[in-house]
Amino acid sequence: MDRLDEVLAHIDANLDAALQRLFALLRIRSISTDPAFAAECRAAAEWHAADLRGIGFDATAHATSGHPIVVGHAREGSTGPSALFYGHYDVQPVDPLALWDHDPFEPRIETRPDGTRIIRARGASDDKGQVMTFVEACRAWKAVTGRLPIPLTILLEGEEESGGASLPPFLEAQADQLRADIALICDTGLWDPATPAITTMLRGLCGEEVTIHAANRDLHSGFYGSAAANPNHVLARILADLHDETGRVALPGFYDGVPELPNALRAQWDQLGFDEAAFLGAIGLSLPAGERGRSTLEMIWSRPTCEINGMGGGYQGEGFKTVIPAQASAKVSFRLVFDQDPHAVRAAFRQHVLARLPADCRAEFKEHGSGRAIAFPVDNPLFARAQQTLGAEWGRPAVFVGAGGSIPVTVALKRTLGMDAILAGFALEDDRIHSPNEKYDLRSFHKGMRSWACILAALAEGR
């Protein structure tokens, strides 16, 4: 698009000013999970609204039952497909604070032994630094040309790290004002430090907690051993039966809605050069678990899982106590793919438990959320434009990848607004998001701004 080179030059020349704006945002302690920081969350929302108004957006921080949602529109004078950009301004708690090398809300630039420079602060990568790559790209377009290449709305929420309860009703209420041709999200990462990626598949989730009850109190194992039902034994058998000998999940109907990976996508993943040994070696393991005959990338991106996330029952303190517990519990999560129904999976799990329950025992269930998986059609021309321009900016082809986790807003945008989303972020695996000493590479911040400037141009021009 005409003047893109000028926009990129403006970004390069104003990197220090962009960093100062990011640092001002990073200093706001917008921890959404802790009510003590509600005022800081409001401050972050108002900061964003004022910043967007400063570059010509019609922006407001809308009150909700939780933290504010910021919406900014810039549609006048632009042509081409319209876009809705989504991000979040809230951050995770910083505990344990003692493991941070410095104040997590006093951002700074560090130079590492290999010469790379990083931004160190809570929210640097997730998601304030990523959000500001997009905002700074918009700022550059406005500074150079006086307008944006396409009609654009920016949506920033403040509860992504604490459940996002306010967003779905807000999307429904504001659907006509928010609907666009495509959504843009940057809460994802690069394939490797030099290779851009567009995430096209995200897994869903079904969480369950089950408690097995037996006797009306803990029992002396010498007096009651073998005679009384032991919830630990019962629960262990139930959990062991969740998988068969090949690693497949044994719930009836669990794989309904799970197709085989398309050959074209499998071929692309095979060319990524993924190092399975290094992936496992980094966490002290060497042998892949899970479904026999499946590659590691398949298992973490395109296959469903059943994992036991926590177990408890009986005495677990120091020393030894010979009891048969009155109850035992486990937390079980299912990562879902393609068209799996989380409600059907939940029902199948509960039936699995009840069918194996001795007559003297009872089961109590607690739901811990659910959400469907989502996959976007990579043959959408807008995806091709984004892929091509990212490859040109980074000097190597952008790859379509899957993600093992979930980004619930993608499902909400699809269900409520009917929108596909281009997920193009610039985080790295070692950014330590949600952990002490979170960081964001300065190169990711700089190249991220340039990348979004290019994507906006490509979406407008169709190249």
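What follows draws every value from the coordinates through simple rules; no lab data is involved. Computed from a predicted structure; not experimentally measured. Here Cβ is always computed from backbone atoms with ideal geometry, including for glycine, and neighbour counts include all displayed protein chains.
Going through 39, 49 one at a time, which residue ends up being surrounded by fewer than 17 Cβ atoms within 10 Å (Cβ to Cβ) and without any contact (Cβ under 8 Å) to a residue 60 or more places away in the chain? I'd like the intermediate steps shown before the answer.
Details: 49 fails: surrounded by fewer than 17 Cβ atoms within 10 Å (Cβ to Cβ).
Going through 39, 49 in turn, the sole match is 39.
Of these, 213, 233, which one is over 25 Å from residue 403 (Cβ atoms) and without any contact (Cβ under 8 Å) to a residue 40 or more places away in the chain? Don't jump to the end; show me each part of the working.
Working: 213 fails: without any contact (Cβ under 8 Å) to a residue 40 or more places away in the chain.
Result of the check over 213, 233: 233.
Quick one: count up the residues across region 235-248 that are part of a loop (DSSP other than H, G, I, E, B) and under 29 Å from the mean Cα position of the chain (by Cα). Even if it seems obvious, please write down each step before you answer.
Applying the first criterion (part of a loop (DSSP other than H, G, I, E, B)) to region 235-248 yields 241-242, 244-248.
Keeping just the survivors that are under 29 Å from the mean Cα position of the chain (by Cα) gives 242, 247-248.
Summing the residues that are part of a loop (DSSP other than H, G, I, E, B) and under 29 Å from the mean Cα position of the chain (by Cα) in region 235-248 gives 3.
Which of the following residues is within 30 Å of residue 429 (Cβ to Cβ), surrounded by fewer than 15 Cβ atoms within 10 Å (Cβ to Cβ) and within 21 Å of the chain's Cα centre (by Cα): 193, 259? So that I can check it myself, show each step before the final result.
Details: 259 fails: within 21 Å of the chain's Cα centre (by Cα).
Exactly one residue qualifies, and that residue is 193.
Please state which of the following conditions residue 306 fails to meet, knowing it meets all the rest: (1) free of Cβ contacts under 8 Å to residues at least 40 places away in the same chain; (2) surrounded by 13 or more Cβ atoms within 10 Å (Cβ to Cβ); (3) more than 30 Å from residue 223 (Cβ to Cβ).
Of the numbered conditions (1) free of Cβ contacts under 8 Å to residues at least 40 places away in the same chain; (2) surrounded by 13 or more Cβ atoms within 10 Å (Cβ to Cβ); (3) more than 30 Å from residue 223 (Cβ to Cβ), the odd one out for residue 306 is (1).
Would you be able to say whether some residue in region 135-143 is surrounded by fewer than 24 Cβ atoms within 10 Å (Cβ to Cβ), part of a helix (DSSP H, G or I), touching a residue at least 24 places away in the same chain (Cβ under 8 Å) and among the aliphatic types (A, V, I, L, M)? Reasoning before the result, please.
Here is the first cut: in region 135-143, the ones surrounded by fewer than 24 Cβ atoms within 10 Å (Cβ to Cβ) are 142-143.
Cutting the leftovers down to part of a helix (DSSP H, G or I) gives us 142-143.
Filter again for touching a residue at least 24 places away in the same chain (Cβ under 8 Å), leaving 142-143.
Now narrow it down to the ones that are among the aliphatic types (A, V, I, L, M): 143.
Yes, region 135-143 contains at least one residue that is surrounded by fewer than 24 Cβ atoms within 10 Å (Cβ to Cβ), part of a helix (DSSP H, G or I), touching a residue at least 24 places away in the same chain (Cβ under 8 Å) and among the aliphatic types (A, V, I, L, M).
Filter region 67-108 for residues that are in a strand (DSSP E or B), within 20 Å of residue 420 (Cβ to Cβ) and in contact with an Asp or Glu (Cβ under 8 Å, 6 or more places away or on another chain) and give the result.
If the condition is that a residue be in a strand (DSSP E or B), within 20 Å of residue 420 (Cβ to Cβ) and in contact with an Asp or Glu (Cβ under 8 Å, 6 or more places away or on another chain), then 83, 86, 87, 88 are the ones that fit.
Condition first: over 19 Å from residue 333 (Cα atoms), touching a residue at least 12 places away in the same chain (Cβ under 8 Å) and not basic (Lys, Arg). Now tell me which residues in region 352-368 satisfy that.
357, 358, 360, 361
Given region 277-378, what strands (runs of 3 or more DSSP E) lie entirely inside it while holding 2 or more residues that are within 15 Å of residue 249 (Cα to Cα)? Steps first, answer last, please.
On the way: elements: 305-313, 327-336, 362-371.
Filter on region 277-378 gives 305-313, 327-336.
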